[in-house]
1. So, in region 73-82, how many residues would count as being in a helix (DSSP H, G or I) and touching a residue at least 24 places away in the same chain (Cβ under 8 Å)?
2. Kindly establish whether THR70 is under 22 Å from GLU57 (Cα atoms), among the hydroxyl-bearing types (Ser, Thr, Tyr) and touching a helix residue (DSSP H, G or I) at 6+ places or on another chain (Cβ under 9 Å).
3. Restricting attention to region 43-60, does a residue exist that is in contact with a Leu (Cβ under 6 Å, 6 or more places away or on another chain) and within 25 Å of ILE117 (Cα to Cα)?
4. Would you point out which residue out of PRO112, PRO47 is in a loop (DSSP other than H, G, I, E, B), over 13 Å from the mean Cα position of the chain (by Cα) and over 24 Å from GLY21 (Cβ atoms)?
5. Looking for whichever is farther than 30 Å from PRO37 by Cβ, β-branched (Val, Ile, Thr) and surrounded by 15 or more Cβ atoms within 10 Å (Cβ to Cβ) here; the options are ILE59, ILE108, ILE69. Which one fits?
6. Examine region 19-27 for a residue that is closer than 19 Å to GLU129 by Cβ, surrounded by 12 or more Cβ atoms within 10 Å (Cβ to Cβ) and of a type in the set (Gly, Ala, Ser), and state whether such a residue exists.
7. Across region 115-131, which residue is farthest from SER34 (Cα to Cα) among those that are β-branched (Val, Ile, Thr) and over 17 Å from the mean Cα position of the chain (by Cα)?
Amino acid sequence: MNVKDLIHALAALAFSIVVGGAVYEHAAVIPRWSAGPPASLAMYQGPYGLNPSAFWEMIHPITLVLILITLGLSWKGPRRRYVLTNLIGYVVVMVATFTYFVPELMAITGTPYADTIDPDLQARSATWEFLSL
């Protein structure tokens, strides 16, 4: 395996980790916190609260850099179109993530815990969950 193939494989692995993390969150985490906020937000509260950003802030830059390196190494080859398409899609998703999904998620999950369910917050959570699919 040459360096170009190795970097391409690492980019694919990093992208697969991103997809796996998203699938896990959609299967195990999001249904729990979106069920009835703010009562369902206890997992984010306190000094030991869940902090998914520790994962996402690490994996996204690694993935982006690996895709960019793969694109550079593949620029004159047949992979260029596929890598470029992947990069464009990834950037579009990242723009949506940083302009809507992250700010809205921080606003929702940052709501102080209460033993009640806020219908407006529950509707925002349902919209966030639906759009994030």
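Bear in mind that the values in this text are calculations on the coordinates, not laboratory data. All figures in this text were calculated on a predicted structure; none of them were measured in a lab. Heads up, the Cβs are rebuilt from the backbone with ideal geometry, glycines too, and the neighbour counts pull from every protein chain shown.
1. Applying the first criterion (in a helix (DSSP H, G or I)) to region 73-82 yields 73-74, 80-82.
Filter once more, keeping what is touching a residue at least 24 places away in the same chain (Cβ under 8 Å): 73-74.
Final tally of qualifying residues: 2.
2. yes
3. Our first condition is that a residue be in contact with a Leu (Cβ under 6 Å, 6 or more places away or on another chain); within region 43-60, this holds for 43-44.
Those still in the list that are within 25 Å of ILE117 (Cα to Cα) too: 43-44.
Within region 43-60 (the criterion being in contact with a Leu (Cβ under 6 Å, 6 or more places away or on another chain) and within 25 Å of ILE117 (Cα to Cα)), the answer is yes, since at least one residue qualifies.
4. Numbers: PRO47 fails: over 24 Å from GLY21 (Cβ atoms).
Being in a loop (DSSP other than H, G, I, E, B), over 13 Å from the mean Cα position of the chain (by Cα) and over 24 Å from GLY21 (Cβ atoms) holds for just one of PRO112, PRO47, which is PRO112.
5. On the way: ILE59 fails: farther than 30 Å from PRO37 by Cβ; ILE108 fails: farther than 30 Å from PRO37 by Cβ.
That would be ILE69, the only listed residue that is farther than 30 Å from PRO37 by Cβ, β-branched (Val, Ile, Thr) and surrounded by 15 or more Cβ atoms within 10 Å (Cβ to Cβ).
6. Among the residues of region 19-27, at least one is closer than 19 Å to GLU129 by Cβ, surrounded by 12 or more Cβ atoms within 10 Å (Cβ to Cβ) and of a type in the set (Gly, Ala, Ser), which makes the answer yes.
7. It comes out as THR116.
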